[in-house]
Amino acid sequence: MADIAAPAYRVIPIIPALKPGAMEGKGPFVASDKIQDALGFPGQLVEDWHDQAIAKMGELLGKYRSLKVYMDACVHCGACSDKCHYFIGTQDPKNMPVARQDLMRSVYRRYFTLPGKIFPKLVGARDLTRDVLDEWHNYFHQCSECRRCSVFCPYGIDTAEVTMAAREILDTVGYGQKYSNEIIGKVHKIGNNLGLPAPALKDTLEGLEEDVKEATGIDVRFPIDVKGAEVLLITPSADFFAEPHIDSLIGYAKVFHATGTSWTLSSMSSEAANFGMFIGNYEQLRTIALRIRQAALELGVKRIVVGECGHAWRVAYSFWNTLSGVGEGADETDKFAMMLQKQLDHRYKQPMHICEFTWDMIGQGALSFDKEANDKHIITFHDSCNVARGSSMGGYPGGQFDIPRNIIKAVANNFYEMNPNTTHERTFCCGGGGGLLTDDLLDLRVKGALPRMEVLQQVADEHGVNFMACICAICKAQFTKIMPIYGFDRRMIGGVHQLVSNAIRLGEK
Ligand code: SF4
Ligand code: SF4
């Protein structure tokens with residue numbers, strides 16, 4: 001880490017000068033055979049990788065109509081080219097979204113279009129060689145699947161989906177990524193990304209009860225495996241021990257306590273994150289989601305609430321209904337999905353985000369706050385990509401932007417927005433999303449955080465902002481690590497429910 005330095009801030013807006021090859025060979029570690037085996041993928045690059053990769057590509061093009069449209073529709077207008085934080089930070093032209101897509105599009109043209117088969121050079125078609133495969137592994141793991149580029153594309157081409165397809169092909173031929181696949185293996189085996197076993201989790205929660213009692217004098221509970229509880233809380237496992245995540249977990253518990261809501265965590269399903277989405281693999285995505293269904297059925301809960309985790313909320317909001325039966329539109333041929341549908345209380349939104357829960361309770365007058373408790377914080381809000389561009393809240397367009405901000409304003413006095421070109425649906429990724437939150441990609445993560453750090457510096461200079469709130473476990477972990485490299489205090493990043501926790505009045509209701 002000593003030799004990793006933050007790039008210099010730019011004068012905004014600016015199109016970065018090109019540095020071809022700047023991130024060549026700087027991709028992530030490759031998954032070992034043990035890690036691959038645990039997910040049912042080949043342990044190492046298979047002998048006939050070329051044919052298998054092309055066959056898989058054909059299968060995905062047939063299965064996902066959108067992928068085929070994205071391969072054909074790009075007119076190379078360049079509108080997306082300077083919108084990616086990794087291109088801005090690294091200046092490597094292959095990190096331009098259009099160039100990233102072209103890594104796959106060139107191969108698509110060669111094998112799946114007539115001109116590409118006959119005149120490959122004329123139409124920019126390439127054979128899938130070992131060098132090309134290595135290039136895929138390198139640059140498709142320099143995309144956080146944040147979808148910012150797609151907001152600016154006149155055709156709505158979603159580079160994240162191209163990245164997911166590439167990663168799916170790479171896994172199929174035995175060329176996976178260590179970090180994401182290792183984490184998925186831990187969820188299958190133990191139930192969470194951290195590999196935290198149930199006894200350790202229970203100890204942690206008991207310790208938290210003691211801490212909160214000491215700090216407030218009030219018995220706030222952190223229940224686990226309670227059959228018949230009303231709410232099952234599914235939250236990222238980082239909330240159980242990492243800083244500042246744990247402060248948000250304390251905030252959720254205080255909200256449940258103050259509103260008299262019976263709730264529980266599950267030791268069997270102690271993870272909201274679902275890295276199956278990052279690697280683009282439907283079976284992994286579903287298997288992880290089904291643990292949550294199993295926990296909900298076993299515990300007999302009536303509601304499922306999701307903690308502060310960006311991509312987990314996208315998976316819950318957009319995919320849980322068809323994956324597992326939580327939410328409208330569940331698969332009627334799936335008997336367990338139907339059992340869950342019958343069990344859940346449909347007077348409430350299923351699933352519900354913890355911010356929706358808290359905001360509802362504030363609206364009903366069930367919570368009260370001492371806003372002054374947050375006066376030491378001058379706050380801004382970082383929209384997390386998957387919440388901003390892959391989900392909603394509150395049942396209306398834009399609710400995912402309003403509700404976290406409404407909560408902050410209800411619990412604190414000082415709030416300032418960052419540059420509007422970098423918030424709401426135009427938000428910049430933290431630089432660590434999409435399965436890239438690993439130390440083998442630290443250089444990329446630091447460079448990818450540049451656009452967010454620049455605008456944070458602006459509000460720090462103009463308004464004295466000293467706290468950036470967010471609702472994503474990956475953003476919290478990423479910023480905690482890279483903010484000091486940009487000269488900020490690592491404690492400047494925290495959760496919305498951390499602010500709730502500071503200000504909430506306990507014991508009144
Ligand atoms: S990281 Fe985000 S902006 Fe960059 S190419 Fe991937 S999806 Fe697009
Ligand atoms: S904005 Fe869309 S059409 Fe234009 S270059 Fe980018 S992906 Fe292609």
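Taken together, the values in this text are just the output of simple stated rules run on the coordinates, not laboratory data. Predicted model only: the values in this text are computed from it and were never measured. So basically every Cβ, Gly included, is an ideal-geometry build from the backbone, and we count neighbours across all protein chains shown.
Please list 3J(HN,Hα) in residue order for the stretch 21-27, calculated via the Karplus relation 6.51 cos²θ - 1.76 cosθ + 1.60 where θ = phi - 60°; whole Hz, with x for glycine and proline.
Here the 3J(HN,Hα) series is x, 4, 10, 4, x, 10, x Hz.
Measuring from label point to label point, each 7 Å out along Cα→Cβ, what is the LYS19 to LYS409 span in nm?
Between LYS19 and LYS409, the simple spin-label model gives 4.1 nm.
How would you rank 187-193, 426-432, highest first, on the average number of other Cβ atoms within 10 Å across their residues?
My ranking of the peptides, most packed first, is 426-432, 187-193.
Beta carbons within 10 angstrom, averaged per residue: use that to sort the peptides 173-186, 325-338, highest first.
Order by mean packing, descending: 173-186, 325-338.
How do 134-146, 201-213 rank on mean C-beta neighbours within 10 Å, highest first?
Going from most to least packed, we get 134-146, 201-213.
Using Cα positions and a limit of under 24 Å, work out the lysines in reach of LYS342, with same-chain residues fewer than 8 apart set aside.
List returned: LYS227, LYS302.
Helix 450-463 sits at what angle to the longest principal axis of the chain, using alpha carbons and giving 0 to 90 degrees rounded to 10?
Long axis of 450-463 versus the principal axis of the chain: about 40 degrees.
If you find the alpha carbon centre of the stretch 88-128 and of the stretch 331-373, how far apart are they in angstrom?
45 Å
Of LYS63/LYS335; LYS34/LYS94; LYS26/LYS186; LYS63/LYS117; LYS178/LYS447; LYS63/LYS94, which sit over 29 Å apart, Cα to Cα?
LYS34/LYS94
Nearest 10 degrees is fine. How inclined is helix 49-63 to the longest principal axis of the chain, computing both from alpha carbons?
It works out to around 60 degrees.
Which of the aspartates and glutamates could a cross-linker span from LYS481 if the Cα-Cα distance has to be under 20 Å and same-chain partners fewer than 8 positions apart are dropped?
ASP3, ASP239, GLU243, ASP247, GLU308, ASP383, ASP439, ASP440, ASP443, GLU454, ASP489
How many angstrom lie between the C-alpha centres of the stretch 437-509 and the stretch 35-83?
One Cα centre to the other: 34 Å.
Report, by chain and number, residues whose modeled amide H sits under 5 Å from the one on PHE467, excluding near sequence neighbours (fewer than 5 apart, same chain).
Amide H neighbours of PHE467: ILE378, THR380.
Just to confirm my numbers, what's the Cα centroid distance between the stretch 191-221 and the stretch 254-287 in Å?
17 Å
Rounded to the nearest 5, what % of DSSP beta bridges with both residues in the chain are antiparallel?
Bridges in the chain that DSSP calls antiparallel: roughly 15 percent.
Using Cα pairs under 8 angstrom and six or more residues apart, how large is the relative contact order of the chain, in percent?
Relative contact order of the chain: 17 percent.
Applying the Karplus parametrisation 6.51 cos²θ - 1.76 cosθ + 1.60 with θ = phi - 60° to the phi angles of the stretch 201-213, what ³J(HN,Hα) value in whole Hz is obtained for each residue in order, glycine and proline being reported as x?
These are the phi-based 3J(HN,Hα) values: 5, 4, 4, 4, 5, 5, x, 5, 4, 5, 4, 5, 4 Hz.
Compute the helix-to-body angle for 282-299: its Cα long axis versus the longest principal axis of the chain, expressed 0 to 90° and rounded to tens.
20 degrees
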